1. Longest span of the chain, sites excluded, free of trypsin sites (Lys or Arg not before Pro) in DSSP loop with at most 16 other C-beta atoms within 10 Å?
2. Counting only DSSP beta bridges with both residues in the stretch 66-288, what percent are antiparallel, rounded to the nearest 5?
3. Relative to the longest principal Cα axis of the chain, at what angle does helix 50-61 sit, 0 to 90 degrees, rounded to 10?
4. With a cut-off of 8 Å between alpha carbons and a minimum separation of six or more residues, what is the relative contact order of the stretch 66-288 in percent?
5. Which pairs in the list Lys312/Lys332; Lys186/Lys322; Lys190/Lys332; Lys27/Lys344 are over 23 Å apart, alpha-carbon to alpha-carbon?
6. In degrees, nearest 10, range 0 to 90: what is the angle between the Cα axis of helix 18-31 and the longest Cα principal axis of the chain?
7. So what are the ³J(HN,Hα) numbers for the stretch 229-240, from phi and the Karplus equation (6.51, -1.76, 1.60; θ = phi - 60°), rounded to whole Hz, Gly and Pro as x?
8. Suppose we flag GluC sites (Glu not before Pro) only when DSSP calls them loop and at most 16 other Cβ atoms lie within 10 Å. Which is the longest uninterrupted stretch of the chain?
Amino acid sequence: MNPGLKASRRALNIEGESSFIVLGNAKMLETQGKRIIHLEIGEPDFITPANIREAAIRALKDGETHYTPTPGMLELRKAIAEKTAQDFGIDVSFENVSVTLGSKEAIFAALASIVEEGDEVLYPNPGYPAYESGVRFFGGKPVPVRLREENEFRMTPEEVNRLVSDKTKAIVINSPENPTGAVLSKDDVKGVVEIARDRGAYVISDEVYRYIIYDGLKHYSPLQFDENLENTIVVDGFSKYYAMTGWRLGYVITPERLTEPLQLVLNLVTACPPSFIQIGGLEALRNGSNAVREMVEQYAIRREIVIEEVSKMRRVHMVRPKGAFYGFINVKEIIDRAKVNSLKLASILLEKYGVAVLHGSAMGSFGEGYIRISYANSVENIRNGLRIMSRAFDEIAGF
Ligand SMILES: Cc1ncc(COP(=O)(O)O)c(C=O)c1O
């Protein structure tokens, strides 16, 4: 082949999201007639609430089929700004809000707007893989902040402080966290904001699970400690708490100096989010809170089942998740005994036992030794899946 026809290194080096690969493998087994319990993918099993779906259908019927401004419809941007202001007791202007195709595009656009070659970006590890891949894609250096089980996987200011340098451009935080369910305290968030401010760096706060939180805990945003919106970038979206994953709707809140560059990126990539989808989002913001509450109540019940079932398993354990809908199970004893890694363990669970889970190393190098299960699933599937896993662990490790 003519070497000039090779795909770019930049594209080839992207590390894709493994949960989609595991899902593909599981679906393949299903087409061969195998029954699979899906605990791998991070998405609500609920269908989007009816009023939200109907608003989008109505919009389509009414002919909402055109481009909108790049940062989204004014009404939606205003509704996002108002809700953010209300939730956090702060002032936010719609001018700082840009609507995106999922929070994934928000992460991409935020990194595209700030990362120069060689810039360092701290990110939680184990954590959502798009941070590390995104930073690398733009020529930056991803610097993992190891989340430790003994700190309940919180990203502490002490750990962040040890790793910041003159090259730090941004610190990514994610609370509640995927995959550990960790929730940062007020002091954690404030501490990170202060470190970033001292260093002249940004805090990118991924808040996609912010309403999915348990035990009466509160979610804190760096927005609450950055009065003039100087160095905070908030990434959020409709996927998780409104059960709208397939709609691809998210947003990003940025300091004023970043709005134009960020919107140039969005304009280049997608021009604007789909119009009727934005109208669905508006309905979610205006009349979606009860549905969120009801879904979170269900997640809370399922979480208890996960805690109960995992506590019955032998030689594995799990930090009690405080938010999101994942259990991050420490399987180090099993993989040591069986002389495998988490990837191999997950593939045995899938192929031999019919339970799809995500290997911990899919969430970064420090995720090795764990597997992630999603409990955004029916009580029956969760119980059955975990009981099969329990038996599988005993067999695999030969206990
Ligand atoms: C922490 C985190 N951020 C962002 C996303 C992306 O979500 P979406 O693009 O659907 O809004 C996910 C999805 O799994 C996630 O777990």
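1. 36-147
2. Around 30 percent antiparallel, to the nearest 5.
3. Long axis of 50-61 versus the principal axis of the chain: about 50 degrees.
4. The normalised contact order for the stretch 66-288 reaches 29 percent.
5. Lys190/Lys332
6. Its long axis makes an angle of about 60 degrees.
7. Computed from phi, the couplings for the stretch 229-240 are 6, 8, 9, 9, 10, 9, 10, 8, x, 8, 4, 7 Hz.
8. Free of exposed loop sites, the longest segment is 231-399.
The values are calculated or read from the model by the stated rules, or taken from the named source; none is laboratory data. The structure presented is a predicted model; accordingly, all values stated were derived computationally and were not measured. Every residue, glycine as well, gets a Cβ built from its backbone with ideal geometry; the counts of neighbours run over all protein chains shown. Accessible surface is based on the protein model in full, side chains and every heavy atom, while ligands, DNA and RNA are left aside. Shrake-Rupley method; radii C 1.70, N 1.55, O 1.52, S 1.80 Å.
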